[in-house]
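First comes the structure, then the notes that go with it.
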Amino acid sequence: MGWLPWSSESKTNTASDGGRIAPDRSSRQKCWEGRDMFFSCLDNNNILDAIKDDKEARRKCGKEIAEFETACSRAWVKYFKEKRVMEYNRDKTIERIKNEDAAKVQDLKSQGWAPR
Amino acid sequence: MASTMRPLVQVARQATRSTLPTLERSTIRTLSSQNAFPALRNKTAHSAHVQTLRSNGVASQRSFSSTSLRAKARTMGQLKARNSTGPFSWKSALLFVLTGGAMIIYFRVEKERIARKRVAEMSKGVGRPKVGGPFVLKDLNGNQYTEEDLKGKYSLVYFGFTHCPDICPDELDKMAEVIDRVKEETKGENIFLPVFVTCDPVRDTPEVLRSYLQEFHSDIIGLTGTYEQVKHMCKQYRVYFSTPQNVNPGEDYLVDHSIYFYLMDPDNDFVECIGRQDTPESASQLIMQHINDWKREGKPLRKD
């Protein structure tokens, strides 16, 4: 199953000089596909943080998370889960600032200020 | 636009002025004794000219102008007809428009070039923030690779690691496209070095790095070294370095690193950053502009 198990016995992931080999293009692609499947399942079930709500995520998207975790290494799984939360918060913040800006402009306009 | 208008006015003024010597000269020839042409601007200069004419004869009449003489006007009527439109004619209007247009284009091109030059020279000289510098690493054949190997060519330096989840692969695909574009535009002059420095030397051995980079572009020069060498390299390029030093074999981890490309000139001075926002098109265009500026200034390039 891909390159996943980072167990020390695994010879297939080790280069002859001892370095561990990173996923190649096709396994990266596989991992990203697994990630997208899992995240769309999370979206459908209104789960944002798959680390905090791990139990619920596993109950509702058991098949997807299994595939995701098989296709990607542990560090990547954690990274993508964290990134999902981070991006969500980032987008929320950007939206909030935009709304605040618009409200401010509206407010100033009502006081007779004109944008240059 | 406003800044280009003033030079245009000056051009117009010069164009009208340049027709005056011919006008004065013909006046002198036919009306040398009359001395009463209303359009003369500089009376003292004119009377001095007339005096030399009288004492030296006709030979000195060409002294103020190198333009060829126009057909001589015989009568006042011919003279008036010739000058009835004043200094303005279709020819001068066309000249005005063409010169103006050419200057607008020239000023725009020059303005962009100077802006790039300012960016390129930002890291040159004393008291500037320094990105880049001496380093010692190993290339994929195990040979020593230092900053000297980068000199004489433009280089695009990228830091990453093979276990990078999503950003590095995207950026390396972009790099591959940039390499092909620059190669095409420099017509294979071999003056551009794409360099990949691993931030994770423990896992990224030359062998691992070679097969990894091969997937993107065979021209990319992979560099690795000891933990200390890589740390030093990252410090030189002001790259945040967070690789854990002592990890157990089999332990999986990620590395935080800079996601910028660093464009370095043939003196190995930092020129500009290329980031996530750049497309392969915009990045290669930027690189080509700097390469062409460098060539235009006649500075040396190593083409071996």
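Answer yes if at least one residue in the stretch A:44-61 is at pLDDT 85 or above and within 14 Å of another protein chain (Cβ to nearest Cβ), and no otherwise. Scanning the stretch A:44-61, I find no residue that is at pLDDT 85 or above and within 14 Å of another protein chain (Cβ to nearest Cβ), so the answer is no. For the stretch A:77-110, a residue qualifies if it is more than 14 Å from chain B (Cβ to nearest Cβ), touching a residue at least 12 places away in the same chain (Cβ under 8 Å) and of a type in the set (A, V, I, L, M, F, W, C), and exactly one does: A:Val85.
Step by step: first the residues of the stretch B:146-162, then only those that are part of a strand (DSSP E or B) and of a type in the set (Phe, Trp, Tyr), then the one that is farthest from the chain's Cα centre (by Cα). Which residue is that?
Keep residues of the stretch B:146-162 that are part of a strand (DSSP E or B), which gives B:146, B:154-160.
Next cut, of a type in the set (Phe, Trp, Tyr) only: B:154, B:158-159.
Numbers: B:Tyr154: 14, B:Tyr158: 24, B:Phe159: 27 Å.
It comes out as B:Phe159.
For every residue, the table says whether it meets (1) outside any helix (DSSP H, G or I); (2) within 14 Å of another protein chain (Cβ to nearest Cβ); (3) touching a His at 6+ places or on another chain (Cβ under 6 Å).
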| position | (1), (2), (3) |
| --- | --- |
| B:Val197 | yes, no, no |
| B:Tyr212 | no, yes, no |
| B:Phe216 | yes, yes, no |
| B:Gly222 | yes, yes, no |
| B:Gln229 | no, no, no |
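Please specify each residue of the stretch B:242-257 satisfying the condition of being in contact with a Cys (Cβ under 7 Å, 6 or more places away or on another chain) and within 12 Å of chain A (Cβ to nearest Cβ). Walk me through it before giving the result.
Step one: of the stretch B:242-257, the residues in contact with a Cys (Cβ under 7 Å, 6 or more places away or on another chain) are B:243, B:255, B:257.
Listed by number, the list holds a single entry, B:Val255.
Among the residues of the stretch B:150-159, just one is buried (at least 19 other Cβ atoms within 10 Å of the Cβ) and either among the charged types (D, E, K, R) or more than 23 Å from B:Gln229 (Cα to Cα) (or both), namely B:Lys153.
Would you mind stating whether B:Val239 is in contact with a Ser or Thr (Cβ under 6 Å, 6 or more places away or on another chain), surrounded by 19 or more Cβ atoms within 10 Å (Cβ to Cβ), under 30 Å from B:Arg296 (Cα atoms) and more than 14 Å from chain A (Cβ to nearest Cβ)? Considered against the rule, which asks whether it is in contact with a Ser or Thr (Cβ under 6 Å, 6 or more places away or on another chain), surrounded by 19 or more Cβ atoms within 10 Å (Cβ to Cβ), under 30 Å from B:Arg296 (Cα atoms) and more than 14 Å from chain A (Cβ to nearest Cβ), B:Val239 comes out as no. Of the residues screened, B:Thr162 is not one that is buried (at least 17 other Cβ atoms within 10 Å of the Cβ), over 24 Å from B:Arg238 (Cα atoms) and not hydrophobic (A, V, I, L, M, F, W, C). Could you tell me whether any residue of the stretch B:177-184 is in a loop (DSSP other than H, G, I, E, B), of a type in the set (Asp, Glu) and in contact (Cβ under 8 Å) with a residue 60 or more places away in the chain? Among the residues of the stretch B:177-184, not one is in a loop (DSSP other than H, G, I, E, B), of a type in the set (Asp, Glu) and in contact (Cβ under 8 Å) with a residue 60 or more places away in the chain, which makes the answer no. One residue stands out in the stretch B:200-252 among those that are more than 26 Å from B:Ala176 (Cα to Cα) and touching a Phe, Trp or Tyr at 6+ places or on another chain (Cβ under 7 Å): the one that is modelled with the highest pLDDT, namely B:His232.
Return the residue satisfying two criteria in turn: it lies in the stretch A:1-31 and is part of a helix (DSSP H, G or I) and facing chain B (nearest Cβ under 7 Å), and of such residues it is modelled with the lowest pLDDT. It would help to see each step written out before you state the result.
Within the stretch A:1-31, the subset part of a helix (DSSP H, G or I) is A:25-31.
Those left that are additionally facing chain B (nearest Cβ under 7 Å): A:25, A:28.
Values: A:Arg25: 85, A:Arg28: 89.
Among those residues, the one meeting the criterion is A:Arg25.
If you go through the stretch A:49-85 and pick out every residue that is surrounded by fewer than 18 Cβ atoms within 10 Å (Cβ to Cβ) and hydrophobic (A, V, I, L, M, F, W, C), you end up with 4.
The values are calculated or read from the model by the stated rules, or taken from the named source; none is laboratory data. Everything numeric in this text was worked out from a predicted model, so none of it was measured. So basically every Cβ, Gly included, is an ideal-geometry build from the backbone, and we count neighbours across all protein chains shown.
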